[in-house]
Amino acid sequence: MYKSKAYSAASATAPLASTSISRRDPTERDVQIDILFCGICHSDYHQVRSEWKDSIPTVYPIVPGHEIVGRVTKVGSAVTKYKVGDLAAVGCMVDSDGTCAQCKAGLEQFCRNVTFTYNSPDRHLGGVTYGGYSQSIVVNERFVLRVPSALDPAGAAPLLCAGITTYSPMRHWGVTKGQKVGIIGLGGLGHMGVKFAHAFGAHVVVFTHSPNKKEEALRLGADEVVVSRNTGEMQKHAGSFDFILDTVSADHDINAYINLLRIDGNITVVGAPEKPLGVLAFSLIFGRRTLSGSNIGGIAETQEMLDFCGQHHITADVEVIPIQKVNEAYDRLIKSDVKYRFSIDMASFRSESRH
Ligand SMILES: NC(=O)c1ccc[n+]([C@@H]2O[C@H](COP(=O)([O-])OP(=O)(O)OC[C@H]3O[C@@H](n4cnc5c(N)ncnc54)[C@H](OP(=O)(O)O)[C@@H]3O)[C@@H](O)[C@H]2O)c1
Ligand SMILES: [Zn+2]
Ligand SMILES: [Zn+2]
């Protein structure tokens, strides 16, 4: 084992604070990575603040972070895919059984024995896994991704969760040229959803509750922007969408959006608010519409998404911060005050070693 600096929260009300955690020495198939950047996902916030306690209880202390890009510093003797010096990435998962039907289908995110990057039972060290708000991480090579060299590492980090979570459902539901696609919420996930839907050739409509994001949404690739509080504007789109992606992190009325779907249209929920969504049966019944969910994406599809981003020069729009500003970033995240993802520069840990 070796020690790595990290930021952890001791309880649902405690701020994140500097600490030291243990990482395993790489075993045969492991890759050791020095983390360069880690994105701040709203799921980090939900779990640090124990907002998902009924579905995914938080074990404290928690070290969040699952949008990781770094440099390989060590590899186990049986590792074939990576070598020291490679740029590599880790997303929301670090292990799975590799044998079940889901794993064989490349859907590791649905494996009953999946190990998430943080707040998941750690099969090597006991306790729970610790995520990317740290200097270094050790991961089985099956769960390490290759980052196209053309991509800026700070902006590439959020692709590992915000990217794949929006790419995967749009691929699954066949979003393609000429379709009308809605993206609800212009945050970390939402702004990636806009970039992908635009790249797939769809007509993209952004729904935002922040009127000041209108111009920005157009710059990011939206064709139209609707301020969701404006019911007149909403009504103009009734019954017209092929597909809508709901990325909202807080309580909201999903029926207002279901009614905008055409017959047989689909709305996929990826946002995971603390409270249940109240779905009116008639919103679905009239129009044979479907409501579904989606959880990140499998490893092969994550690599496909990264390669797509390499070809199309797609990264997240990030505000790079030192790790010492993480609590301030959390306060701003819940006010939707970031364009559009915080990316933590782990070089900032170096300033702490002098103390
Ligand atoms: N399913 C998955 O696999 C998966 C993966 C990652 C994250 N998630 C979940 O997806 C959600 C979004 O994550 P994120 O990192 O993109 O968060 P984020 O950056 O905070 O974006 C969420 C957006 O939701 C909108 N919003 C926030 N509060 C709202 C309110 N009260 N009413 C209406 N709209 C509101 C805001 O967009 P506007 O300002 O434009 O309205 C905000 O930018 C979170 O719940 C997260 O846990 C799920
Ligand atoms: Zn995430
Ligand atoms: Zn499995």
One residue from Ala154, Ala150 being at pLDDT below 95 and surrounded by fewer than 24 Cβ atoms within 10 Å (Cβ to Cβ):
Ala150
How many of the residues in the range 84-106 are touching a Leu at 6+ places or on another chain (Cβ under 7 Å) and of a type outside the set (A, V, I, L, M, F, W, C)?
1
Residues to consider are Val59, Val94, Val79; find the one that is in a loop (DSSP other than H, G, I, E, B), closer than 29 Å to Ala347 by Cα and open to solvent by less than 30 Å² (accessible area, probe 1.4 Å).
Val79
Taking the range 230-249 and the residues there that are away from ligand 2 (no atom under 16 Å from the Cβ) and of a type in the set (Gly, Ala, Ser), the one that is surrounded by the fewest Cβ atoms within 10 Å (Cβ to Cβ) would be Gly232
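Evaluate the following for Ala89: is it touching a Cys at 6+ places or on another chain (Cβ under 8 Å), of a type in the set (A, V, I, L, M, F, W, C), within 16 Å of ligand 1 (Cβ to nearest atom) and open to solvent by less than 10 Å² (accessible area, probe 1.4 Å)?
no
Residues checked against (1) open to solvent by 10 Å² or more (accessible area, probe 1.4 Å); (2) at pLDDT 95 or above; (3) within 23 Å of Thr315 (Cβ to Cβ); (4) touching a Leu at 6+ places or on another chain (Cβ under 8 Å):
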| position | (1), (2), (3), (4) |
| --- | --- |
| Gly174 | yes, yes, no, no |
| Gln179 | yes, yes, no, no |
| Ile183 | no, yes, yes, yes |
| Val194 | no, yes, yes, yes |
| Ser210 | yes, no, yes, yes |
| Lys214 | yes, no, yes, no |
Taking interchain pairs and intrachain pairs at least six residues apart, which have beta carbon atoms under 9 angstrom, with the first residue in the range 304-317 and among the charged types (D, E, K, R) and the second surrounded by fewer than 22 Cβ atoms within 10 Å (Cβ to Cβ)?
Glu304/Arg171; Asp307/Arg146; Asp307/Pro148; Asp317/Gly155; Asp317/Glu216; Asp317/Lys339
What residue, among those in the range 158-188 that are assigned to a loop (DSSP other than H, G, I, E, B) and under 15 Å from the mean Cα position of the chain (by Cα), is nearest to ligand 3 (Cβ to nearest atom)?
Cys161
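The values are calculated or read from the model by the stated rules, or taken from the named source; none is laboratory data. Small disclaimer: the values here were computed from a predicted structure and weren't measured. We place every Cβ from the backbone using ideal geometry, glycine too, and count neighbours over all the protein chains shown. Note: areas computed on protein heavy atoms with side chains; ligands, DNA, RNA excluded. Shrake-Rupley method; radii C 1.70, N 1.55, O 1.52, S 1.80 Å.
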